[in-house]
Amino acid sequence: MSKPPKIDRKILKTPDEFVQKGTQILGSLSRSRLGLMPVLALVGLLVIGFYAYDRWDESREQKAWTDYYEATKGSPEQKWEKLKAVHQKWPSSRAGMLCSVEVADHHFENSKKEVGKESKKVSEESLLAVEWYTKALNSRHLQAIEKQLLLVNRGNAWELQEKWDDSLADYQLAESTSGPAKGLAQLSAARVNEMKGATEKAIELYEKTSTDFAANEYGKLAKNHVRRLKSPLLNSKKGK
């Protein structure tokens with residue numbers, strides 16, 4: 001079977017030559033063993049399949065959003081279970097992703113309310129927050145900034161369980177992701193190192209954040225932490 005002739009980009013600028021070249025290609029295909037009609041039929045099927053899938057996917061998204069809005073209208077007692085059900089029904093939709101985020105935030109806020117009161121409740125709620133943030137992070141609809149913020153949120157939930165290595169892993173991933181929360185991720189990673197007792201590493205990260213984000217609140221907070229950790233008063237207390 002002979003190969004169809006190639007079209008030089010320069011030919012595209014001259015309509016007559018483009019038509020002539022196109023005719024040569026079609027003629028080449030028509031003389032091939034397959035023939036022109038099967039090739040055109042295959043192309044047609046691919047185009048139809050693409051548009052059919054696109055319409056089907058759009059229809060699913062619309063149904064998922066309808067279910068989401070219905071779930072948000074429920075009573076506070078029923079809302080969270082309804083949102084979980086919508087996510088389970090439409091896990092690959094953007095509406096399903098939003099359901100998982102709202103459920104995760106709900107459990108995370110509950111865990112923060114229990115800090116200093118009931119450690120078992122903190123652990124239970126923060127574990128549920130991690131579970132639902134993970135579901136959200138598995139969504140194919142996530143944009144980079146959304147992924148970054150969700151990683152920071154899941155890192156916060158790990159912190160409430162004192163799972164320092166897990167929280168650090170999320171903060172480092174968030175820091176390497178494009179988005180405005182890079183400074184927050186750095187600041188959080190420094191804080192976790194401090195909680196672990198890795199003071200020198202914490203100071204290093206605080207100093208980096210104070211330099212990289214000197215113009216915003218993250219840099220200012222980091223600078224204050226550096227002063228605190230390097231304070232002679234703090235060091236004298238450690239010596240005692």
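Taking region 102-131 as the region of interest, how many residues are under 18 Å from residue 173 (Cα atoms) and out of contact with any Lys or Arg (no Cβ under 8 Å at 6 or more places or on another chain)? So the count comes out to 1. Of everything listed in (1) part of a helix (DSSP H, G or I); (2) in contact (Cβ under 8 Å) with a residue 24 or more places away in the chain; (3) of a type in the set (Lys, Arg), the single unmet condition for residue 140 is (1). Contact annotation: residue pairs with Cβ atoms under 7 Å, 6 or more positions apart or on different chains, pairing a residue in region 189-200 that is buried (at least 16 other Cβ atoms within 10 Å of the Cβ) with a partner that is of a type in the set (Lys, Arg) and assigned to a helix (DSSP H, G or I), are 193/201.
Among the residues of region 127-134, is any within 26 Å of residue 151 (Cβ to Cβ), under 21 Å from the mean Cα position of the chain (by Cα) and surrounded by fewer than 15 Cβ atoms within 10 Å (Cβ to Cβ)?
Within region 127-134, one or more residues are within 26 Å of residue 151 (Cβ to Cβ), under 21 Å from the mean Cα position of the chain (by Cα) and surrounded by fewer than 15 Cβ atoms within 10 Å (Cβ to Cβ).
Looking only at residues that are touching a residue at least 24 places away in the same chain (Cβ under 8 Å) and under 25 Å from the mean Cα position of the chain (by Cα) in region 103-121, which one is nearest to residue 72 (Cα to Cα)? That would be 103. Counting only residues that are farther than 13 Å from residue 158 by Cβ and hydrophobic (A, V, I, L, M, F, W, C), which one in region 102-126 is surrounded by the fewest Cβ atoms within 10 Å (Cβ to Cβ)? Looking at the filtered set, the residue picked out is 115.
For region 170-196, the candidate set comprises residues that are under 14 Å from residue 156 (Cβ atoms) and among the hydroxyl-bearing types (Ser, Thr, Tyr); within that set, the residue that is farthest from the chain's Cα centre (by Cα) is 188. Of the listed requirements (1) farther than 22 Å from residue 88 by Cβ; (2) of a type in the set (A, V, I, L, M, F, W, C); (3) in contact with a Phe, Trp or Tyr (Cβ under 9 Å, 6 or more places away or on another chain), residue 129 misses just one: (1).
Each reported figure results from applying straightforward, stated rules to the coordinates on display, with no laboratory input. Model, not experiment: these values are computed from the prediction. Every residue, glycine as well, gets a Cβ built from its backbone with ideal geometry; the counts of neighbours run over all protein chains shown.
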